[in-house]
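The structure appears right after this line, and notes come after that.
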Amino acid sequence: MDPTRPLPDSPRPGDLIVARPEGLYCPPGDFYIDPWRPVERAVITHAHSDHARFGHAHYLCTAPGRGVLLARLPGIQLDTLRYGERITHHGVTLSLHPAGHVLGSAQVRLEHGGQVWVASGDYKLEADGTCDPFEPVPCDTFITESTFGLPIYRWPPQATLMDEIFDWWQANARAGRASIVYAYTFGKAQRILHGLLRHAGADGMPGPVIVHGALTQLNAAYAGAGVALPPTALVSELPARSPLLRQALVVAPPSAQRSPWLRRFGDASDAFASGWMQLRGTRRRRGVDRGFALSDHADWPGLLHAISATGAARIIVTHGNVPVMVRYLGERGWQAQAFDTEYGDDDEAARPDPAVSAEAAQEQAAP
Ligand SMILES: [Zn+2]
Ligand SMILES: [Zn+2]
């Protein structure tokens, strides 16, 4: 082994982004991207709680992300940039580009000393109508997530999933049963609402749409940003014994499962919307009737497509299936390494336990 070659995980002189205990740091620009400890300047890729935290002195995000970020972190000192707008800070040119993950989500492009780096935050390739679609940004070094970085993860097209959700709802409504779908409150829930509206139109819905109170503020932020959502009601707005309750689609956060809030819907059918539902074991473990593999993250082909499309020679993997992705890329000629981060999983509630991951590996091995 050549002792002058840097170890895969060690920074090189001139790196535009390095991992520090506070978060991903740009040394020449003196700012952080999605830091997990309080810092002076934080560039926020998107408002999910593991990427956007309280405690920083100054925040920067995209203009379309302003409403959702303030809904989550009220009172912060926030500046915004339009997608593609450039600013220069300590000689580093910074711009934000659509990541297609949730409303306002961005990849951060940095240019300095003849190098271009892109930190992608979380991203998804298929356009879903609720946020600006992902754009590949050419760069020398690309920092990628790998939440669903195993070859088993391949999403059906969104239109197929909306068909499935709609058909399930319609069949339940005909049988006089409410349809309860658990979905992450920020991003996933609005995507289902928007997707069903686009699928059926407000007049073609099999019944009313009832949302859990946890969605109210985020739905308002999406509507405020111009995302079309169907008319929704809170359960308190319907009479307790209304027959409409048994025709309803109910969108609720995963934390509402098994809560007393559900009692008024009686004998309902339930479902979970998450990329983790692609594994049969996760649906069994959640104890729901149906699983819809709807994810706000890139699947395996999507990750590889995005990585290739940047043209980057060096790839740094931040969270998810990090060792798998680093090894896979390394074997195919990329300079691949990892950053140790504290980013989690937006769909933590649906995440498979180790037994289910073992099942995934087995399904993987099966022909
Ligand atoms: Zn996220
Ligand atoms: Zn993330």
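Read-outs throughout are calculated quantities, based only on the coordinates presented, and are distinct from any laboratory measurement. Computed from a predicted model, the values in this text were never measured in an experiment. Counting neighbours? That spans all protein chains shown, and the Cβs are built from the backbone with ideal geometry, glycine included.
Suppose we take every Cα in the chain and form the convex hull; what volume per residue is that in Å³?
Spread over its residues, the Cα hull of the chain gives 143 Å³ apiece.
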Checklist entry - Using Cα atoms only, what is the angle between the long axis of helix 354-365 and the major principal axis of the chain, expressed in degrees (0 to 90) to the nearest 10? => result 80
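Write out the trypsin sites (Lys or Arg not before Pro) in the range 221-325 meeting two conditions: DSSP loop, and at most 13 other Cβ atoms within 10 Å of their Cβ.
Working: sites: ARG241, ARG246, ARG258, ARG263, ARG264, ARG280, ARG283, ARG284, ARG285, ARG286, ARG290, ARG314; in loops: ARG241, ARG258.
Answer by residue number: ARG241, ARG258.
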Checklist entry - From the phi of every residue in the range 68-84, what ³J(HN,Hα) in whole Hz does the Karplus formula 6.51 cos²θ - 1.76 cosθ + 1.60 yield, where θ is phi - 60° and glycine or proline is x? => result 6, 5, 6, 5, 8, 10, x, x, 6, 8, 10, 10, 10, 10, 6, 4, x
Checklist entry - Can you give the angle from 0 to 90° between the axis of helix 188-200 and the longest principal axis of the chain, with both taken from C-alpha atoms, to the nearest 10? => result 60
Next on the checklist: Suppose only helical runs count, i.e. DSSP H with n ≥ 4. What mean residue ellipticity at 222 nm does that imply for the chain under -39500 (n - 2.57) per run, divided by all residues and rounded to the nearest 500 deg cm²/dmol?
Outcome noted: -7000 deg cm²/dmol
Checklist entry - With θ set to phi - 60° and the Karplus curve 6.51 cos²θ - 1.76 cosθ + 1.60, what are the ³J(HN,Hα) couplings of the range 34-48 in order, to the nearest whole Hz, using x for Gly and Pro? => result 6, x, 9, 10, x, 9, 6, 10, 10, 8, 10, 6, 6, 8, 4
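Sorted from fewest to most neighbouring beta carbons within 10 Å, what does the list SER105, SER255 look like? Write down the numbers at each step before the final one.
On the way: SER105 32, SER255 13.
The fewest-first ordering by Cβ neighbours comes to SER255, SER105.
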Checklist entry - Non-local amide H neighbours of LEU81 (under 5 Å, H modeled in plane, Pro and chain starts lacking H): which ones? => result CYS61, THR62, ALA63
Checklist entry - Could the peptides 152-162, 59-69, 89-99 be put in order, highest first, of the mean number of other beta-carbon atoms found within 10 Å of their residues? => result 59-69, 89-99, 152-162
Checklist outcome for this item: Longest principal axis of the chain (C-alpha) makes with the long axis of helix 322-331 (C-alpha) an angle, in degrees to the nearest 10, of 50
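If packing is taken as the average number of other Cβ atoms within 10 Å across a peptide's residues, how do 219-226, 322-329 rank, most packed first? Walk me through the numbers on the way to the answer.
Working: 219-226: 16.9, 322-329: 18.4.
Those peptides, ordered most packed to least, come out 322-329, 219-226.
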